[in-house]
Amino acid sequence: MTDEIRIYEADFFRWFKDRLKDKGLQFSQCGFKLGDSLGSRHDIDLQTGFWKEPSYSANKPSRWLYQIEPDGEVWKAINPADGAVNLGAINASQEDKAGVVFRLVPLVQQPMNDYFRDDSLEVHALFVFHGATPQGSSAEPFNFDPDSGAMTFKGAALPYLLAGLLGVQPRDHEVEVTLNGTPRTLTYGEVSDTLAAGITVSPEGGAAGPIPVYNLSEKAEFERLKKDISDAWRVAGPVAPPVAEAGSGIDDEKEAVDDDEIVAPATMDIPEMTDLLGIDPAVYRQINAAFASGKQHIMLYGPPGTGKTTLARHIATVLTGGKWTLVTGSSDWSSQDIIGGYQPIGSGSVAFIPGVLLRRFDRPLIIDELNRCDIDKVIGPLFTVLSGQQTTLPYRLDIEDKDSQQYVILPESKPSAAVHEFAPGPHWRLVATINSIDKASLYQMSYALARRFGWVYVDAPRDTAGFIEAFLRKEEPAWAGPAAGAPCPLAAFWEAINSVRVIGPAPIIDAMKAVQSMEEDAEFFAVPADSMKEALLDAVDMVLLPMLDGIVVQDAEFLAGKAVEVFGLNAEQSTRVQARMASVAV
C-alpha cells in the first residue's frame, strides 16, 4: 500500500461513536485490542481451514473465519461452521451497545486441504442496531446464520438495521496464490465480492440479500456508509432514550460505565474532520503544533457557529476513541461543580463529593462556552496542577477530624494513588471553547491561566459561496453544481453580515434548510424567483436576525440595503427587511 492511500475506517469509527454518544449508546469492536494476535489457544488449522480447537475457539472467537475456494475462473465463499456461527462477544452488562464490528479473516484454499492465510485480505463485518442490544453478560456472544441472515442474542432473535462488509484495503490490492502448481493473483476486491455473495443479511424492514460492501479506501464509500446508517435510523424512527440517572447539579451527560479500556492512539495527530465543512486547514495544523510543542490542553475560540464544539468533540474522540465528558459553562458554576466540595450525604452527614472533572479524571473534559462561567473561580484550583505541581484542596477525608488528611490533586498519573489523592489518567486533558463575540461582556481568564492552553482561532469561511456549494454537494452528491458565473445571493448577504458581526456556517446551514423546507427545488445559485425571495426573507427572520441583536443603527441600515440589493426585493419586501433590521439595532 502506498503512502498516498487513505483508509477511512478510523474516521468512520470516530463518526459512529460520536453519533452514538449523543444517543447515550456505545459501539464495540470485537478482536481489535489483540492487534495481530489471535489470543491464547485460538490457532487456525490451515489443513482444515478452521480453528484447531473448534470447541474452545467457538465460545469467544477473536475472528470470524470464512473459506474462499476456487470455482473455475472465479471464487466462492464457504462457511466452515456449516450453519450459525458465534461471531464474537461484547460487554452487554450496561445495555448500551447499538453497533458492533467483527474481524473476518478469509482463508484461501490452494491445493485440496491446504489453506492460505494473509491478514491483508481481512475485512470487517458491521452490524447496526436500532437502540441498544438487550442487557446481558460481560461477554455476551452474537450468533449469526450467513445462509438466512438471522442473528440471535441471548437465545432470541436480534433484529438489525444495517449490515455491511467494510473493505480496509484498496480493491486492487493483490496477493499471490498457487493453484495446481500455477501462480495466480487474487485481489482484495475479488475477496470482498466473493464474501458478499456468500453471506446473506436480512436487515429489519428490508429484504434478505447479499451483504453490501463498503470500500473504505474511497471517501465516496465512507460517505455512502454514513448516509445509509443515517437513513436507516431515520426510517426506523427515534431511538428510545436511556433511563436517566440522578444528576450531580451540573449539566453533564449520562455517565455510562465504559467496558472498553481507553487505548492510546498510535499518533497524537488530529486529522481533518470530513463532516465539518468550512474549517481552515490552519486550524488542524495549529492544534497538532500545540500538542507537538507540549501543550496538553486546547482552547478553541472564535465566532459562534464555526464548529468549535464539534471540533472539540472530534479532538477528544481521536485521543480516546470516543470516551470523554462534555459540560456547558454557566454563570452559576462554582469550583464545586468541576472540582468538588462538601455536600450533604444523608443522616445529617457531610462529605467531600468529587465534581465532574475528578469523577472522570481518566479522559478529556470538554468545557463548552467556558467564558460563561467565572473561569478563574471555577478551574482556579487546577492552576497549580496545570503548572505541573500538586495542589491541596481545602477538604478533609474525615470532616469531623481536624487532623485528617486533605484531598490533593496530582499533576501526573499514579496507578497506586492513595484514597485522598486524585491522579489524572494519561488521557486526561481539557478541551474548551469560547465564543469570541461574548468575550467582552462575560468572564475573562487570567493571563497566567490562559498560558496553560494552546489557543486556536476557528474563523468563519472566507469563501462564503464556496462553502454553500460544498454543503450542497455534500447533501446531494449527484448535484451538477452551479452554472459558471451564477450568483449566490445568500453567500453575498452572509459576507455582508460578516463585515458587521462574524457568524459561522451553522446559522447559514439552518437558514438554507429553512429555505428548502419552504421552497421546493430551492436554487441558491440563481437570481431568486418571487417565492424564493419570500423564503430567503423568512429564513433571515427565523435564523439570522437573532444573531444580529445589538448591532448599531448604521450597520442595520447597511444590511437592510444589502438584502434589497442581493435578493432583488420589491418595495414591500424592502420595507419589511428594513423594519426587521431596525428592530435589532441599538
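General observations
- Qualifying lysines (Cα of each under 26 Å from Cα of LYS377; at least 8 residues distant if same chain): LYS254, LYS295, LYS308, LYS402, LYS439
- Counting only protein chain heavy atoms and rolling a 1.4 Å probe, the accessible areas of LYS60, LYS414 rank, largest first, as LYS60, LYS414.
- Extension reserve of the THR575-VAL239 stretch, reckoned as 0.36 nm per residue once the Cα distance is removed: 116.4 nm
- Pairs of Lys in segment 1-69 closer than 25 Å at Cα, counting only those 8 or more apart or on different chains: 7
- Computed with a 1.4 Å probe on the full set of protein chains, the accessible area for ILE434 sits at about 20 Å².
- Gyration tensor (alpha-carbon) shape descriptor, segment 382-421, a/c threshold 1.5: oblate
- Across all directions, the average flat footprint of the convex hull enclosing the Cα atoms of segment 331-426 is 6.9 nm².
- Of the trypsin sites (Lys or Arg not before Pro) in segment 364-415, those whose Cβ has at most 14 other Cβ within 10 Å and which sit in DSSP loop: LYS402
- With a cut-off of 15 Å between beta carbons, the residues surrounding ASN180 carry a summed charge of -4, where Lys and Arg count +1 and Asp and Glu -1.
- Using a probe of 1.4 Å, the accessible surface attributed to SER138 totals some 80 Å² when neighbouring protein chains are kept in position.
- Taking 0.36 nm per residue of separation and subtracting the current Cα-Cα distance, fully stretching the chain between SER404 and LYS227 would add 58.0 nm.
- Converting phi to 3J(HN,Hα) with the Karplus coefficients 6.51, -1.76 and 1.60 and the offset θ = phi - 60°, segment 519-532 yields 10, 5, 6, 4, 10, 8, 10, 5, 5, x, 6, 4, 5, 5 Hz in sequence order, with x at every glycine or proline.
- Only protein heavy atoms count here; on that basis, with a 1.4 Å probe, ASP36 has an accessible area of about 120 Å².
- Value of relative contact order over segment 361-422, rounded to a whole percent, pairs C-alpha under 8 Å and six or more apart: 24
- Neighbourhood charge, 11 Å Cβ-Cβ cut-off, centred on GLY88 and excluding it, Lys, Arg +1 and Asp, Glu -1: +2
- Cα-centre dipole for the chain with unit charges at Cβ (Lys and Arg positive, Asp and Glu negative), debye to 20: 1320
- Computed over segment 310-467, relative contact order equals 23 percent, with contacts defined as Cα pairs under 8 Å that lie 6+ residues apart.
- Contact order relative to length of the chain, as percent, for alpha carbon pairs under 8 angstrom and 6 or more apart: 10
- Ranking of THR185, THR320 by solvent-accessible surface, largest first: THR185, THR320 (1.4 Å probe, protein heavy atoms only, all chains present).
- Reachable aspartates and glutamates, given that their alpha-carbon falls under 18 Å from the alpha-carbon of LYS76 and they are not under 8 places away in the same chain: ASP114, ASP118, GLU122, ASP145, ASP147, GLU174, GLU176, GLU190, ASP193
- A simple spin-label model places pseudo-atoms 7 Å from Cα toward Cβ; at ASP280 and GLU475 they are separated by 2.6 nm.
- Segment ALA483..TYR457, full-extension length gain: 6.0 nm, with 0.36 nm per residue of separation and the alpha-carbon distance subtracted.
- Projected-area mean, segment 170-222, by convex hull of Cα positions, square nanometres: 4.7
- Prolate/oblate/rounded label for segment 464-537 (Cα gyration tensor, a/c 1.5): rounded
- Prolate/oblate/rounded label for segment 4-76 (Cα gyration tensor, a/c 1.5): oblate
- Amide proton proximity set for TYR342, modelled H, under 5 Å, gap of 5+: ILE353
- Whole-Å semi-axes of the ellipsoid equivalent to the chain (Cα gyration tensor, √5λ, descending): 46, 37, 21
- At 1.306 mPa s and 10 °C, Stokes diffusion of segment 460-586 via Kirkwood alpha-carbon radius, µm² per second: 108
- Annotation: segment 279-403 has a Kirkwood hydrodynamic radius of 16.6 angstrom, from the mean reciprocal C-alpha pair distance.
- Between ALA514, LEU548, LEU216, the Cα set farthest toward the positive side of the dipole of the chain (charges on each charged residue's Cβ, about the Cα centre) is that of LEU548.
- Note on segment 353-510: Kirkwood hydrodynamic radius from all Cα pairs is 19.7 Å, rounded to one decimal.
- Helix-only mean residue ellipticity at 222 nm for the chain, each DSSP H run of n ≥ 4 adding -39500 (n - 2.57), per residue, nearest 500: -8500 deg cm²/dmol
The values are calculated or read from the model by the stated rules, or taken from the named source; none is laboratory data. Note that the structure is a prediction, hence the values are computed from the model and not measured. Virtual Cβ from ideal backbone geometry, glycine too; neighbours counted across all protein chains shown. What goes into the accessible areas is simple: the full protein's heavy atoms, side chains included, and nothing from ligands, DNA or RNA. Shrake-Rupley method; radii C 1.70, N 1.55, O 1.52, S 1.80 Å.
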